[in-house]
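Enquirer: Here it is, the structure, as structure tokens.
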């Protein structure tokens with residue numbers, strides 16, 4: 001539609017394109033040029049503050065820390081260390097394990113919620129969506145802190161249980177454990193699971209469900225053969241949207257993890273803080289990114305295969 | 001029974017599940033304000049009695065006011081800049097087809113997904129190599145990376161539900177690009193702009209990780225709270241300050257989402 005009006009305006013003798021310089025002419029003639037020029041400020045800014053720092057991060061990962069300075073002769077020693085010292089691999093493995101469990105828990109718990117809003121809420125749908133996404137916009141730090149209040153040694157759960165008389169001593173395992181980290185992550189990232197799943201459920205053509213029923217499928221079969229496969233893109237998106245950021249999370253393991261629940265993000269922070277080994281911190285960041293990317297590729301591939309199988 | 005009624009049939013278990021879900025989503029956060037009014041330095045049941053003393057005490061601290069002002073300054077600057085950039089970017093994405101559009105949009109949305117610690121660390125390395133001292137400016141720079149995708153995602157549905165013919169009509173009637181934007185485009189996307197300003201302000205106001213790596217000597221409010229978490233005797237005042245931050249964020253975000261609610265339902269209509 002805009003193309004038509006565009007050609008109309010360029011053929012107009014009074015059109016600005018006739019009087020303008022080459023840049024304006026290009027803008028008037030080409031849709032791509034208009035798109036690019038509008039996107040340019042954002043793109044140039046983000047390229048500068050994302051790609052340039054990344055390039056330097058990669059370069060720094062090839063350096064070695066010497067006291068407070070760097071030895072800038074390129075070496076892959078840091079990368080070798082990641083695979084030689086057990087602490088690095090252990091923390092990477094634990095981070096992946098914790099976020100994988102948290103991701104599965106979040107997606108499984110949020111699916112029925114998204115399903116309810118998509119299929120069973122007919123009035124005030126917007127209110128439900130706002131209600132579900134509202135907490136996610138507010139401070140992540142404070143939502144995690146809230147769980148410290150709830151799970152603490154003298155926290156809400158322990159003191160409530162003692163008051164009721166169910167336990168005599170506070171339950172020590174609530175705080176500073178992997179479980180505490182998993183619960184908090186699942187709670188804090190719920191909106192990231194609900195929204196994509198909800199969108200994919202909402203898109204499902206209702207007549208497909210009717211057709212399945214007419215052809216003799218019960219509610220369970222209808223769900224497995226129609227709803228689930230069609231909502232799979234939402235489930236995939238939700239899993240990635242939770243798994244990727246939580247693997248590198250810092251706040252939750254720092255506040256609730258204790259020594260057993262520490263994750264790779266904590267070590268990266270320590271490398272840039274107290275340990276003061278920036279090249280190693282850079283190496284760990286890059287290794288983390290590569291591992292996440294590989295896991296996601298494999299995951300998406302498997303899910304696509306599964307989808308082809310069931311549908 | 002009409003066709004399709006079995007799909008519309010109410011599901012009692014699901015409804016119960018949904019209500020429990022919402023309660024579990026909100027209750028942990030509500031314990032913070034609850035205990036901030038408790039007259040005890042311990043966070044435990046039974047509650048000891050109602051008090052406002054933790055709030056009164058906060059008011060008298062210069063450090064709280066300073067970090068609040070720092071957060072507001074960064075938040076206002078970041079929300080205005082990211083919304084301005086977001087308007088252009090959202091229009092480009094919604095209106096024009098150009099080569100590489102998909103991958104470029106993916107790149108812009110990257111900060112929503114990639115762990116922020118990696119962006120924080122990478123920026124820190126760049127700034128230190130360039131010899132730029134850490135300050136509120138560098139915190140703002142980091143927050144811009146976080147906020148731009150949010151701003152674009154908020155504005156995008158506004159442009160998608162907006163009839164391009166209106167802008168063309170304005171141009172045909174002799175308005176130049178600037179006036180067309182001012183008198184046609186801006187009023188049409190205005191709810192999105194207000195929502196984007198409010199949401200990005202809150203995201204910046206509440207953001208911790210980027211600020212943690214990039215702040216200099218002037219802490220923002222989340223950094224100040226983080227510092228206070230080390231001291232057990234400060235716990236009640238941290239609860240009071242947190243309650244204030246949570247309340248402010250909830251109100252701003254709720255208004256923002258509500259103003260922009262039509263964008264998702266696809267109800268933006270040409271009058």
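Read-outs throughout are calculated quantities, based only on the coordinates presented, and are distinct from any laboratory measurement. On a predicted model such as this, the values are computed, not experimentally measured, just so you know. Here the Cβ positions follow ideal geometry from the backbone for every residue, glycine too, while neighbour counts run over all protein chains shown.
Enquirer: What three numbers, in Å, describe the spread of the alpha carbons of chain B along their principal axes, ordered from the longest?
Expert: 70, 67, 32
Enquirer: Given contacts defined as C-alpha pairs under 8 Å and at least six residues apart, what's the relative contact order of the range A:169-311, whole-number percent?
Expert: Values: 116 pairs, mean separation 42.3, N = 143.
The normalised contact order for the range A:169-311 reaches 30 percent.
Enquirer: Hey, got the average number of other protein chain Cβ atoms within 10 angstrom for residues in A:48-55? Don't jump to the answer; show the numbers that get you there.
Expert: On the way: counts 2, 10, 10, 2, 4, 12, 6, 2.
That average works out to 6.
Enquirer: How large is log10 I(q)/I(0) at q = 0.06 Å⁻¹ when the Debye formula is applied to the Cα atoms of the protein assembly as shown, each weighted equally and without solvent?
Expert: Result of the Debye calculation: -0.35.
Enquirer: If you don't mind, another one. Do you know the relative contact order of the range B:61-265, to the nearest whole percent, from alpha carbon pairs under 8 angstrom that are 6+ apart? Spell out each step's value before the answer.
Expert: Numbers: 221 pairs, mean separation 69.2, N = 205.
Once divided by the residue count of the range B:61-265, the mean separation gives 34 percent.
Enquirer: Contour minus end-to-end for residue A:87 and residue A:75, with contour as 0.36 nm per residue of separation and end-to-end as the Cα-Cα distance?
Expert: Numbers: separation 12, 0.36 × 12 = 4.32 nm, distance 2.10 nm.
Here the answer is 2.2 nm.
Enquirer: Can I ask one more? Please average, across the residues of B:30-36, the number of beta carbons from any other chain that are within 10 Å of each residue's own beta carbon, and give a whole number.
Expert: Working: counts 1, 6, 7, 0, 2, 3, 0.
Average neighbour count from other chains, rounded to a whole number: 3.
Enquirer: Starting from the Cα of residue B:176, step 7 Å along the direction of its Cβ; do the same at residue B:50; then give the gap between the two resulting points in nm.
Expert: Result: 6.2 nm between the two label points.
Enquirer: Separate question: Based solely on its DSSP helices, what 222 nm [θ] is calculated for chain B when runs of n ≥ 4 H residues each add -39,500 (n - 2.57) and the sum is averaged over all residues, nearest 500 deg cm²/dmol? Intermediate values should be presented prior to the final figure.
Expert: Values: 14 runs with 196 residues, N = 271.
Helix contribution divided over all residues of chain B: -23500 deg cm²/dmol.
Enquirer: Please list the three semi-axes, largest first and in whole Å, of the ellipsoid equivalent to chain A, using sqrt of 5 times the eigenvalues of its alpha carbon gyration tensor.
Expert: Details: eigenvalues 341, 256, 82 Å².
Over the Cα atoms of chain A, the ellipsoid semi-axes are 41, 36, 20 Å.
Enquirer: Do you know the relative contact order of the range A:244-311, to the nearest whole percent, from alpha carbon pairs under 8 angstrom that are 6+ apart?
Expert: Details: 34 pairs, mean separation 15.4, N = 68.
Worked out over the range A:244-311, it gives 23 percent.
Enquirer: Further, regarding this structure: Is the range B:12-51 rounded, prolate or oblate when judged by the Cα gyration tensor, a ≥ b ≥ c being the square roots of its eigenvalues, rounded requiring a/c under 1.5 and prolate requiring a/b larger than b/c? It would help to have the intermediate numbers written out before the result.
Expert: Working: a/c = 4.26, a/b = 3.53, b/c = 1.21.
Prolate shape, in that a/c is at least 1.5 and a/b is the bigger ratio.
Enquirer: Highest mean first, what order results for B:127-135, A:169-177 on Cβ atoms within 10 Å? Intermediate results must be reported in sequence, preceding the final value.
Expert: Working: B:127-135: 13.0, A:169-177: 16.1.
Going from most to least packed, we get A:169-177, B:127-135.
Enquirer: With each pseudo-label sitting 7 Å past Cα toward Cβ, what's the residue A:124-residue B:231 distance in nm, one decimal?
Expert: If labels sit at residue A:124 and residue B:231, their model points lie 4.4 nm apart.
Enquirer: On to the next question. To the nearest 500 deg cm²/dmol, what mean residue ellipticity at 222 nm is calculated for chain A from DSSP H runs of n ≥ 4 alone, each contributing -39,500 (n - 2.57), summed and divided by the residues? Don't skip to the answer; put the middle values down first.
Expert: Working: 17 runs with 224 residues, N = 311.
Result for chain A, helices only: -23000 deg cm²/dmol.
Enquirer: In whole angstrom, how far apart do the alpha carbon centroids of the range A:216-235 and the range B:130-171 sit?
Expert: If we compute the Cα centre of each part, the gap is 38 Å.
Enquirer: Follow-up question, since we're still on this one. Any idea how far apart residue A:307 and residue A:23 come out in nm if each label point goes 7 Å out from Cα toward Cβ?
Expert: Inter-label distance under the simple model: 4.3 nm.
Enquirer: Counting other beta carbons within 10 Å of each Cβ, put A:203, A:148, A:309 in order, fewest first. Write down the numbers at each step before the final one.
Expert: Numbers: A:203 12, A:148 21, A:309 8.
If I rank by nearby Cβ atoms, fewest first, I get A:309, A:203, A:148.
Enquirer: Moving to a separate point now. Could you rank the peptides A:42-55, B:164-177, B:112-125 by their average count of other C-beta atoms within 10 Å per residue, with the highest value first? Could the numbers behind the result be given before it?
Expert: Working: A:42-55: 17.1, B:164-177: 14.5, B:112-125: 23.7.
Packing proxy ranking, top to bottom: B:112-125, A:42-55, B:164-177.
Enquirer: Sticking with this structure for a sec: What whole number of Å gives the distance from the Cα centroid of the range B:203-222 to the Cα centroid of the range A:248-295?
Expert: Using only Cα atoms, the two centres lie 19 Å from each other.
Enquirer: Here is a further query. Running a GNM on chain B with Cα contacts under 10 Å, which residue among B:17, B:26, B:55 ends up with the highest mean-square fluctuation?
Expert: B:17
Enquirer: Further question: Given N residues in the range B:170-271, what is Rg(Cα) / (2.2 N^0.38 Å)?
Expert: On the way: Rg = 20.2 Å, N = 102, 2.2 N^0.38 = 12.8 Å.
With N residues counted in the range B:170-271, Rg over 2.2 N^0.38 Å equals 1.58.
Enquirer: What is the mean number of Cβ atoms from other protein chains located within 10 Å of the Cβ atom of each residue in peptide B:149-158, rounded to a whole number?
Expert: 1
Enquirer: May I pose another question? For helix B:235-259, report the angle its Cα long axis makes with the longest principal axis of the Cα atoms of chain B; keep it between 0 and 90° and round to the nearest 10°.
Expert: 10
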